[in-house]
């Protein structure tokens, strides 16, 4: 099997994308909470960006990504009508002017990517063996983790199907318990990686830290779904905090107006 650098980059980015919105559902049973993730460079610990999760626990919700100066990086909208583990979503990346869409309906997954030149690649894939190898879309990963909590903490490795829009295909991922690489007395950590053994040799696993008592995401360490100015994925350490108020970041209209004014 020949693995090109482009294919490997897409595979690693896919592994990151499945997790970075996981806490959109993580506090669905805690309606008063809002979540803010602060992303730092994994090596230098320099602050990079903030992601704010708005409308948690509702049928529709969104994630706002902002530069350290407060300007808009990306915006994601999620719709859970197709199921808690299989939300449809649209993500607009401001810096690259790219749009990614994924939806699930009647055993078929629709995936599309629109680039800065408004060229669209779209594919519809049938979902097979969903009972033995469940389908998970974006933030639905957290539902999968919490529903499988007892199995995972007992040491089992679990697989699921995940739509990768950038490759227009369904891929298999696996999650398993792991030892936390950072100092903690309260977290349960998991490793997320490709299910295929050959791909696992090429892609570093992503580390997820969960509060062991509350079963909610506290830490993400690995490749980000936000790129640097050269288009390469940032390697981040995201630390999540849960608060009573979402703050002004959830006013997406204000942020978009500000962004458009700057571009003009």
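Give the number of residues within region 136-159 that are within 25 Å of residue 81 (Cα to Cα) and either outside any strand (DSSP E or B) or within 15 Å of the chain's Cα centre (by Cα) (or both).
Of the residues in region 136-159, 14 are within 25 Å of residue 81 (Cα to Cα) and either outside any strand (DSSP E or B) or within 15 Å of the chain's Cα centre (by Cα) (or both).
Name the one entry in 117, 84 that is within 23 Å of residue 241 (Cα to Cα) and part of a loop (DSSP other than H, G, I, E, B).
Selected residue: 84, the only one of 117, 84 that is within 23 Å of residue 241 (Cα to Cα) and part of a loop (DSSP other than H, G, I, E, B).
So which residues in region 53-66 are surrounded by fewer than 21 Cβ atoms within 10 Å (Cβ to Cβ) and at pLDDT 90 or above, if there are any at all?
Matches in region 53-66: 66 only.
It is to be established whether one or more residues within region 226-241 are under 24 Å from residue 54 (Cβ atoms), within 21 Å of the chain's Cα centre (by Cα), modelled with pLDDT of 80 or more and not in a strand (DSSP E or B).
Within region 226-241, not a single residue is under 24 Å from residue 54 (Cβ atoms), within 21 Å of the chain's Cα centre (by Cα), modelled with pLDDT of 80 or more and not in a strand (DSSP E or B).
Name every residue in region 87-99 that is assigned to a strand (DSSP E or B) and closer than 14 Å to residue 62 by Cα, in order of residue number.
Within region 87-99, 88, 89, 90, 91, 92, 93 meet the criteria.
Does any residue of region 168-181 turn out to be within 25 Å of residue 237 (Cα to Cα), within 17 Å of the chain's Cα centre (by Cα) and part of a loop (DSSP other than H, G, I, E, B)?
So far as region 168-181 goes, no, none of its residues is within 25 Å of residue 237 (Cα to Cα), within 17 Å of the chain's Cα centre (by Cα) and part of a loop (DSSP other than H, G, I, E, B).
If you go through region 225-245 one residue at a time, do you hit one that is closer than 30 Å to residue 107 by Cα and touching a helix residue (DSSP H, G or I) at 6+ places or on another chain (Cβ under 8 Å)?
yes
Residue 163: at pLDDT 95 or above and either part of a strand (DSSP E or B) or touching a strand residue (DSSP E or B) at 6+ places or on another chain (Cβ under 9 Å) (or both), yes or no?
No, not satisfied.
Of the residues 208, 214, 192, 170, only one is without any contact (Cβ under 8 Å) to a residue 40 or more places away in the chain and either within 28 Å of residue 49 (Cβ to Cβ) or surrounded by fewer than 21 Cβ atoms within 10 Å (Cβ to Cβ) (or both); which?
Matching residue, one of 208, 214, 192, 170: 214.
Determine which member of the set 77, 24 is in contact with a helix residue (DSSP H, G or I) (Cβ under 8 Å, 6 or more places away or on another chain), under 16 Å from residue 225 (Cα atoms) and either modelled with pLDDT of 75 or more or in a helix (DSSP H, G or I) (or both).
Selected residue: 24, the only one of 77, 24 that is in contact with a helix residue (DSSP H, G or I) (Cβ under 8 Å, 6 or more places away or on another chain), under 16 Å from residue 225 (Cα atoms) and either modelled with pLDDT of 75 or more or in a helix (DSSP H, G or I) (or both).
The values are calculated or read from the model by the stated rules, or taken from the named source; none is laboratory data. Fair warning: this is a prediction, and the values are worked out from it, not measured in the lab. Using ideal geometry, Cβ is built from the backbone for each residue, glycine included, and neighbour counts are taken over all protein chains shown.
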